[in-house]
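Only one structure is covered here, and it is reproduced in the block below.
The values are calculated or read from the model by the stated rules, or taken from the named source; none is laboratory data. Values in this document were obtained by computation on a predicted structure and should not be read as measured data. Cβ atoms come from the backbone with ideal geometry, glycine included; neighbour counts cover every protein chain shown. Quick note on the areas: whole protein, heavy atoms, side chains included, nothing else; ligands and nucleic acids left out. Shrake-Rupley method; radii C 1.70, N 1.55, O 1.52, S 1.80 Å.
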Protein chains: 2
Amino acid sequence: MRIILIGASGTIGQAVDAELSQRHDIIRVNRTSGDFQADIADRDSIQRLFDQVGEFDALVSTTGKVHFGPLEEFTAEQFELGLQNKLMGQVNLVTLGLSRIRAGGSFTLTSGLLNDDPIRLGASAAMVNGGLEGFVRGAAIEMPRGVRINLVSPTVITEALPAYGPFFRGVKPIPACEAALGYAKSVEGAQTGRVYRIGWSRDT
Amino acid sequence: MRIILIGASGTIGQAVDAELSQRHDIIRVNRTSGDFQADIADRDSIQRLFDQVGEFDALVSTTGKVHFGPLEEFTAEQFELGLQNKLMGQVNLVTLGLSRIRAGGSFTLTSGLLNDDPIRLGASAAMVNGGLEGFVRGAAIEMPRGVRINLVSPTVITEALPAYGPFFRGVKPIPACEAALGYAKSVEGAQTGRVYRIGWSRDT
C-alpha cells in the first residue's frame, strides 16, 4: 500500500513508520522535514500536499496540537488552537483527502485518553479527543467507495514520559511500538468507525 | 435556586422550564425574546448576559446550532458553525459563567445521540456532541467551589418529529417532558462529569 504518514518524525509517528514500512510504501510528512511538508492547521497546505502526493491507499495522522492550562484561565484563543489544529486539522485531512484516496482505502486519526480519563489542565484536550471520536463514528457511515476511517486513542507513551509524565501520575505507560499496532490494525484490518483504545480501558 | 435557562423558547427549553419552574426561579434567555437576550456564538453577548443577570445557582443550556449535510460536500464554514455555536457557545457559557456562579452551583449542557449513534449528514453534529462529552468530563474535575457540570444527551424529541423525523427513522422518540427530567437530575442532584443519555442506550 501507498501510505501517507502525517507527523512521521514524532514519537508515535516513528513507531508507526517502523511498523508499517516493513510491508508498505510510506510517504513521510512533517511540518518542516520528511518527503513532503504540510501544516495541518492550514487547509491550503493540506490541499497542496494531496496535489503533490497524488493517489494513495491510506492516510495515518499521528499529530495535532492542543493547549494545556487551568480551566478558569483558558482563553478563546487557547481553545481555538486545539479546535483548528488537532481537531479540524485531522478532519480536513479526511475531507480534503477523500477525492484522492483509492477505493477501499483508509484514514486513521489520533486522539488520546483524556476525554474519558481526564486530568487537570486537560479540558481542551478532552474536548478535542471527544470531537474526534464523534467525527470518526459519524464519518464512517458516509465514506464513499468502501473507504474506512478509525481512531487510535493511545495512553501515555513511555518515550514521552520525560515531557508528560508529571501530568499522568498513576497511568501505566506503553512503548510507542505498542501504540503503533493500533495503526496497523486500522490500516491493514477491515473495521471502520472504531476507536482503538491502546493501553487503557474505560471505567464506564 | 436562581436558574438561567438558555434556549428557553425551544422545544426542550419549554419542557425544562415547565419542570424546573415548579420549584425554582427561572431566568429565561433566548436570542430575541425572554427575560434577557443572548447569542451564544458571541462571547461579548454572553458576557453582557452575565453582567445583567448577576449571581445565579445553575445554568441550563438547551440550545446550539450545527449544519447537517453530506460529508463529501461539507465546507470549512459549515463545520465552523457547529464549533462556534453548539460547541464553543456552550463551553463559553461555562468559562464565562464560572466567575458569577454561586458555590455548589451547576452547569448543564446539551448534546445529542449522534456521536454514538450516527446518521447520514450528521458528521458535524457527531463531532460537536463528542466534543461536548469530552469537555464536560474534563471540566468537571477542575470546577472550583463545588461547582458541578453535566451533559444531557436526549434522543429524538416527539415534538420535533415533523422537522427531524425523516433523519431518524427507526429511532424511538421521547416527549420533551421526559428529556426535561435529565436536566432536573443534573441541577437538583449531586453528580458531576456525567452524561445523561435520555431515551437511548449505547450499543458498545
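Structure above, values below:
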read-out: Meets criteria (of a type outside the set (Phe, Trp, Tyr), open to solvent by 60 Å² or more (accessible area, probe 1.4 Å) and part of a helix (DSSP H, G or I)) for A:Leu181; value: yes
read-out: Answer from A:Ser124, A:Ser186 - the residue that is among the hydroxyl-bearing types (Ser, Thr, Tyr), closer than 16 Å to A:Thr110 by Cβ and touching a Gly at 6+ places or on another chain (Cβ under 9 Å); value: A:Ser124
read-out: Test: B:Arg100 is open to solvent by 10 Å² or more (accessible area, probe 1.4 Å), more than 7 Å from chain A (Cβ to nearest Cβ), over 20 Å from A:Gly122 (Cα atoms) and not acidic (Asp, Glu); value: yes
read-out: Complete set of residues in the range A:1-57 that are of a type in the set (A, V, I, L, M, F, W, C), open to solvent by 50 Å² or more (accessible area, probe 1.4 Å) and in contact with a His (Cβ under 9 Å, 6 or more places away or on another chain); value: A:Met1
read-out: Residues located in the range A:124-145, provided they are charged (D, E, K, R) and in a helix (DSSP H, G or I); value: A:Glu133, A:Arg137
read-out: Cross-chain or 6+ apart pairs with Cβ under 7 Å, the range A:117-145 first and facing chain B (nearest Cβ under 7 Å) and within 29 Å of A:Arg169 (Cα to Cα), then among the acidic types (Asp, Glu) and open to solvent by 20 Å² or more (accessible area, probe 1.4 Å); value: A:Arg120/B:Glu142; A:Ala123/B:Glu142
read-out: Segments classed as helices (runs of 4 or more DSSP H), wholly inside the range B:1-113, with at least 2 members that are of a type in the set (Val, Ile, Thr) and within 18 Å of the chain's Cα centre (by Cα); value: B:11-20, B:88-97
read-out: The range B:146-171, subset in contact with a Ser or Thr (Cβ under 7 Å, 6 or more places away or on another chain) and over 17 Å from B:Arg194 (Cβ atoms), residue farthest from the other protein chains (Cβ to nearest Cβ); value: B:Glu159
read-out: Count of the range A:82-91 residues which are open to solvent by 10 Å² or more (accessible area, probe 1.4 Å) and within 12 Å of chain B (Cβ to nearest Cβ); value: 2
read-out: Criterion (open to solvent by 10 Å² or more (accessible area, probe 1.4 Å), within 14 Å of A:Val91 (Cβ to Cβ), out of contact with any Lys or Arg (no Cβ under 6 Å at 6 or more places or on another chain) and among the aromatic types (Phe, Trp, Tyr)) met by exactly one of B:Phe74, B:Phe79; value: B:Phe74
read-out: Given (1) in contact with a Ser or Thr (Cβ under 9 Å, 6 or more places away or on another chain); (2) open to solvent by less than 10 Å² (accessible area, probe 1.4 Å); (3) of a type outside the set (S, T, N, Q), number of the condition B:Ile141 does not satisfy; value: (2)
read-out: Tally of residues being touching a residue at least 40 places away in the same chain (Cβ under 8 Å) and either among the hydroxyl-bearing types (Ser, Thr, Tyr) or part of a helix (DSSP H, G or I) (or both) across the range A:146-169; value: 6
